[in-house]
Amino acid sequence: MHERLSFFVKRDSALHPLNPLTKIVLALGIILVSIFSPWYWTSHVLLLVVIVPLVFIGKVATEYFTSALRLILPAAGFIFFMQAFFQPIGQTVIFNFWFLDITQESLLFAFRIATRITVMISAFTLFLLTTHPSELMSDLTRRGLPPQFAYVIISTLQILPQMQAKAQTIIAAQRSRGLDTESTFFKRIGSVVPLVSPLVFGSLVEVEERAIAIEARGFTSKKAKTSLYEISDRSSDKFIRWGLVIFVIISIVLKLWLS
Amino acid sequence: MAFINLNNVTYKYPLTKTPALQNINLQVNEGEFVAIVGPNGAGKSTLCYTLAGFVPHFFKGEISGTVEVAGIDSSKSTLDKWVLNVGLAFQNPFNQISGAKYTVFEEIAFGLENTGVPRDEMKPRVEEAMKLTDISNLADRSPYSLSGGQQQRVALTSILVMRPKLLVLDEPTSQMDPIGTREVFGVIRKMAEGGMTVVMVEHKMEWIANFADRVVALKDGQVLMEGKPNEVLTSELLVENGFGVSRYTSTAREAKKQGLWKKEKLPVTLDEAVEGFKK
Amino acid sequence: MKIEINDLRFIYPTGLEALQGISLIIESGEQVAIVGQNGAGKTTLVRHFNGLLQPTAGSILIGDWDTKITSVAKLASRVGYVFQNPDEQLFSKDVGTEVKFGPRNLGYSKDKTDELVKRALTLTELSDKTETNPYDLSPTWRKMVALASVISMDTPIVIFDEPTTGQDALSIARIAHVIAELRREGKTVVTITHDIDFCAENFERVIALSEGRILLDGVAANIFGQEEVLAQTFVDPPQLTRLGKKLGFKETVRNQEEFLNILRK
C-alpha cells in the first residue's frame, strides 16, 4: 500500500520549522530572481550557492538528488536539446546535423534556459520535501484561503494514488474476463470503455459518500476552525519573507534599468 | 418525551417513483441502543440518513411527517448545526477517509478542527477516543495504508471523538473479523450506557441479541415489527419476509418441528441455544 | 480441471513476503473455501491462478498450462474470476451486453455465446433484467450481474472473492445456489470467504491461510474441529460447530442436518 503519499520527509532541520508560507515565498523568490535577473550567471549561482546548501541544511540531500536524477535532469536535458537544435539564433556554427545547425549562441542560450528550469524545479522540490501539506493548508486557511479550496487541493493529492490503485484493480478484473489489453493497438483502443467507465462511475459514488462523511464531521460548520498543530510564524519568518521580496524587486529594477 | 421522535415520515429520493420510507413512526429514548435489521433495499440506510439530517438536507427529495432529535425539528435546522448532535458512520470505510489528513491521529482530529475545539483540548480527546476503540497503535499510520476493518474503526473513532448525543451507524463492522466485531459492539454498548443514544444497522443477529436493547425490522420502507431482540429476531414474520436469522434460531425452529426443542422461545445467541438444547 | 501449485512464493515490490511457500493440489471438480484473516495472502494466492500475479518463485499449473508462460487473456478461458466489488468490473449499458462481454472475448460462436448468456442469466435469476442498466440495480443485484458475467464464460475453474460481503440472506441463498449448480456441472470452485457459516454449508474442503502459509487444509469437519489452530488466523468455527462442541458432541458438526441427526440419537 501507499504509505508515503506526499514528497514531505520528516526531519529535524533548520528548514522544517519555518512557516509554510515562508517556504513558498522562498521557492517563488528564488524562481523570480532567476527569471528577472539581468545576468545569465545568476541561475548558476542560485543553484550552487543557495539551493544546494539549503538542501543540506534541510537534511533532504538524498531525496533531493534522487528526484534530481529522476525528474529534474531529464526535464532540463530535454529542454536543452530542444533549444540547442531549434533555436534559430547566431552564426557561429559549431556542427550541423542533417538540416539543423548548432551554433555557439543557441548552445549558450539552451544552457541558460536549462539551468533556469533546473532552478525552478529544484526550488519547488525543496519546498515540497520540507513542508508538510496539512500544515501548509492549515496555515493558508488561517490566512484567509477558503477551506473548501484547501480541501480540494490536498485531498486530490492524496486521492490520486488511490485512484491509480483502483484503476489497477479494474484492469485486473477485465483482463480476467478475457479482455486483451496488451497485444495490438486496436485491441487497446477497444479496451478503453471497460476500463474507464467503472472508474468514472466509482468516482461519482465516492465523491458523494466522501461529501457526506466530511459533512458529518462538521466540515461546513460556521464556527471558526482550529488546528491540531500549532504553526509557528516567528519574526525571523517575516524577516526572511520581506528580504526575499526585496531581492525580487531589486532584480526587476536591475532588469529594467540595464536593458 | 422521547429523544428521537419520527412521526409518519415518508420520503422519496429525487427522480424515483416509489418512496424509500413510508409512514415511519419511531420513538427512541435517551441512552437506548436500537438495532435496525432488514433485507437490502428495505430503507435502512435512508433511515440512517434521515436521522443524521442528510435526508432531506443533502439529498433533497420530498419528505413529509416530522423528524425530531433532542427536541429539535430537523426541518427547522440546518445540516451544519444538526451534525453537532448527531454522528454518522457508514459501511464503506474507504470513502469515509477525509483525504485531507496524512495520519490516523490527524484524521480523527479533523472533526474537532472543523467544529472549533481548542487545540489543548483536542489532543487528549483524540487519544481517549483511540484508546476506547483500541487503535492507539495506528496513530502515525496513513489511513489509506490500513485494512478495511481497521479503516472502519478509524471511521467510528472519528465520529465518537466528536461526542454526539446520537450515534447513527450503518453496518459499521461489515469488514471486521469476528473478534473485531465483538469488541466494537462492546464499545458501542459502553457508549450507550454512558448516555449516548445509538441507532445501528446490522446483519449480525447474534451480536444484536447480545448487545442491543431493541430491534426494529424494516421491509419495503416500512416498519414490519419492533420489540425486544429475542422477540423480533425469532419471529416467524422475519422468515416469511426473507430476513436473515441466526443459525441458532433456524436450527432450533427446525428442531422444534421434530420435537427436539422443548422450550417455547427460540434462541438467537449461542448461550440461549446451549441452554435450550441441553438435556 | 486440476490446479497444481508448487512451492509458490510471492514478494510484493514493497518487500512484503505475501506467500511463503505454498504447495497445493486442487482436483478437478473440487469445491474449496479459503479462509483466514485480512493480510493472510488469500487474494494474492488466487490472483496467481489466472496469471494476474506472477510467482517470485515456484509454479502454478492450470491443467497443462503453466501460468508463467500463458497470457491472462488465454488463461481466462480456463479460470473465471469474480472480483469482490462488482462496481470494479461493470461497464455496459445493459445487463445482457455485460454478460456477453466475457464469452465474446473468448471468441465463442454467436450461438454458443447466446446459449451461455441465457444459462448464466437464468442461474442468477436475472432473466427479467437483461435490458436494465446495471447501475439502476441495487448493489445486491449488481453482484449477481458480476457473477453472471463470469459464469457465462463457462470456464472449468471459477474463483469467487468474498461473494457474500454486503449481501442479504436472499442474495446469499442465490449465491449458494449458483455454487451448487457449478458443482453439479463438475466445475472446480475456489472461494475466498470471511463468512464461516456460508463456508460450512457450501464447501467440502477448507484451506486456512495465515501469514502467507497454509495453516490447515482438509475436510471441513476436521478443520472446524481445530478451534485453537483456527483462532491463530482470527477465524471462529461456524455457529453450529460451536454449539455442538458446547453441548459435548463427539463429532464436529457443520450444518443443520448434521446437528439434528446427532441430536436425534
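The values are calculated or read from the model by the stated rules, or taken from the named source; none is laboratory data. All values derive from a computational prediction rather than experimental measurement. Using ideal geometry, Cβ is built from the backbone for each residue, glycine included, and neighbour counts are taken over all protein chains shown.
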Worksheet, complete the sentence: In segment A:206-242, anything surrounded by 14 or more Cβ atoms within 10 Å (Cβ to Cβ), among the aliphatic types (A, V, I, L, M) and under 24 Å from C:Y135 (Cβ atoms) is listed as A:A211, A:I212, A:A213
Worksheet item: Among (1) within 10 Å of chain C (Cβ to nearest Cβ); (2) surrounded by fewer than 20 Cβ atoms within 10 Å (Cβ to Cβ); (3) touching a residue at least 40 places away in the same chain (Cβ under 8 Å), which single condition is B:T269 missing?
Response: (2)
Worksheet item: Quick one: B:P93 ticks every box in (1) of a type outside the set (A, V, I, L, M, F, W, C); (2) under 30 Å from A:F8 (Cα atoms); (3) crowded, with 22+ Cβ neighbours inside 10 Å; (4) free of Cβ contacts under 8 Å to residues at least 60 places away in the same chain bar one, so which box is it?
Response: (4)
Practice prompt. Report the residue count in segment C:248-261 for those that are aliphatic (A, V, I, L, M) and either at pLDDT below 90 or closer than 14 Å to C:G225 by Cβ (or both).
Written response: 1
Response to the item:
(1) away from chain A (no Cβ under 14 Å); (2) modelled with pLDDT of 95 or more all hold for B:P118 apart from (1)
Discussion item. Any residue that is at pLDDT 95 or above, surrounded by 20 or more Cβ atoms within 10 Å (Cβ to Cβ) and within 15 Å of B:V161 (Cα to Cα) - is there at least one of those in segment B:63-83?
Written reply: yes
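Test of understanding: among A:L128, A:L100, which residue is more than 10 Å from every other protein chain (Cβ to nearest Cβ) and either surrounded by 15 or more Cβ atoms within 10 Å (Cβ to Cβ) or without any contact (Cβ under 8 Å) to a residue 12 or more places away in the chain (or both)?
Step by step, each of A:L128, A:L100 is checked, and only A:L128 is more than 10 Å from every other protein chain (Cβ to nearest Cβ) and either surrounded by 15 or more Cβ atoms within 10 Å (Cβ to Cβ) or without any contact (Cβ under 8 Å) to a residue 12 or more places away in the chain (or both).
Answer yes or no: is there a residue in segment B:15-23 that is touching a helix residue (DSSP H, G or I) at 6+ places or on another chain (Cβ under 8 Å) and not hydroxyl-bearing (S, T, Y).
From segment B:15-23, those touching a helix residue (DSSP H, G or I) at 6+ places or on another chain (Cβ under 8 Å) are B:20-21; that's our starting set.
Restricting the remaining residues to those that are not hydroxyl-bearing (S, T, Y) gives B:20-21.
Yes, segment B:15-23 contains at least one residue that is touching a helix residue (DSSP H, G or I) at 6+ places or on another chain (Cβ under 8 Å) and not hydroxyl-bearing (S, T, Y).
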Practice prompt. Give the residue that is farthest from A:M137 (Cα to Cα), with candidates limited to residues of segment A:211-235 that are small (G, A, S) and in contact (Cβ under 8 Å) with a residue 24 or more places away in the chain.
Written response: A:S232
Worksheet entry | Tally of residues being over 26 Å from C:Q232 (Cα atoms) and modelled with pLDDT under 95 across segment C:3-28 | 1
Worksheet item: closer than 22 Å to C:V32 by Cβ, at the interface with another protein chain (Cβ under 9 Å from one of its Cβ atoms) and part of a helix (DSSP H, G or I) - does that describe any residue in segment C:150-165?
Response: yes
Worksheet item: Given (1) at positive phi; (2) modelled with pLDDT under 95; (3) under 20 Å from the mean Cα position of the chain (by Cα), where does B:G148 come up short, assuming only one miss?
Response: (1)
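Yes/no per residue for (1) under 30 Å from A:I246 (Cβ atoms); (2) assigned to a loop (DSSP other than H, G, I, E, B); (3) not assigned by TED's automatic domain parsing to the domain that holds A:L126:
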residue	(1), (2), (3)
A:S43	yes, no, no
A:V50	yes, no, no
A:V55	yes, no, no
A:F65	no, no, no
A:P74	no, no, no
A:M82	no, no, no
A:P88	no, yes, no
A:S106	no, no, no
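A quick yes/no check of all residues on (1) free of Cβ contacts under 8 Å to residues at least 60 places away in the same chain; (2) within 14 Å of chain A (Cβ to nearest Cβ); (3) crowded, with 23+ Cβ neighbours inside 10 Å:
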{"residue": "C:D66", "(1), (2), (3)": "yes, no, no"}
{"residue": "C:T97", "(1), (2), (3)": "yes, yes, no"}
{"residue": "C:A120", "(1), (2), (3)": "yes, yes, yes"}
{"residue": "C:E125", "(1), (2), (3)": "yes, no, no"}
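Quick test for you: out of B:A100, B:A109, pick the one residue that is facing chain A (nearest Cβ under 7 Å), crowded, with 21+ Cβ neighbours inside 10 Å, within 23 Å of the chain's Cα centre (by Cα) and under 20 Å from A:S227 (Cβ atoms). Spell out the reasoning first.
Values: B:A100 fails: within 23 Å of the chain's Cα centre (by Cα).
B:A109 is the lone residue from the list that is facing chain A (nearest Cβ under 7 Å), crowded, with 21+ Cβ neighbours inside 10 Å, within 23 Å of the chain's Cα centre (by Cα) and under 20 Å from A:S227 (Cβ atoms).
Residue by residue, here is whether (1) part of a loop (DSSP other than H, G, I, E, B); (2) more than 10 Å from every other protein chain (Cβ to nearest Cβ) holds:
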| residue | (1), (2) |
| --- | --- |
| B:V216 | no, yes |
| B:L224 | no, yes |
| B:V239 | no, no |
| B:E254 | no, no |
| B:K263 | yes, yes |
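Out of A:S232, A:S227, report the one residue that is assigned to a loop (DSSP other than H, G, I, E, B), of a type in the set (S, T, N, Q) and at the interface with another protein chain (Cβ under 7 Å from one of its Cβ atoms).
On the way: A:S232 fails: at the interface with another protein chain (Cβ under 7 Å from one of its Cβ atoms).
Answer to the selection: A:S227.
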Item to complete: Starting from segment C:1-30, keep only residues that are within 26 Å of C:R184 (Cβ to Cβ), then list their pairs with residues that are of a type in the set (A, V, I, L, M, F, W, C) and assigned to a loop (DSSP other than H, G, I, E, B) whose Cβ atoms are within a distance under 6 Å, requiring at least 6 positions of separation or different chains.
Response: C:S28/C:M1
Discussion item. Please go through (1) outside any loop (DSSP other than H, G, I, E, B); (2) under 20 Å from C:V72 (Cβ atoms) for C:A33 and return the number of the only condition it doesn't satisfy.
Written reply: (2)
Fill in: Members of segment C:57-82 that are within 15 Å of A:L179 (Cα to Cα) and either out of contact with any Leu (no Cβ under 6 Å at 6 or more places or on another chain) or assigned to a helix (DSSP H, G or I) (or both)
C:T70, C:S71, C:V72, C:A73, C:K74, C:L75, C:A76, C:R78, C:V79, C:G80, C:Y81
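Among the residues of segment C:229-242, how many are out of contact with any Lys or Arg (no Cβ under 9 Å at 6 or more places or on another chain) and either assigned to a loop (DSSP other than H, G, I, E, B) or over 22 Å from B:A273 (Cβ atoms) (or both)? Explain how you work it out, then say what you get.
Here is the first cut: in segment C:229-242, the residues out of contact with any Lys or Arg (no Cβ under 9 Å at 6 or more places or on another chain) are C:229-235, C:242.
Applying the additional criterion that residues be either assigned to a loop (DSSP other than H, G, I, E, B) or over 22 Å from B:A273 (Cβ atoms) (or both) yields C:229, C:232-235.
The number of residues fulfilling the criteria is 5.
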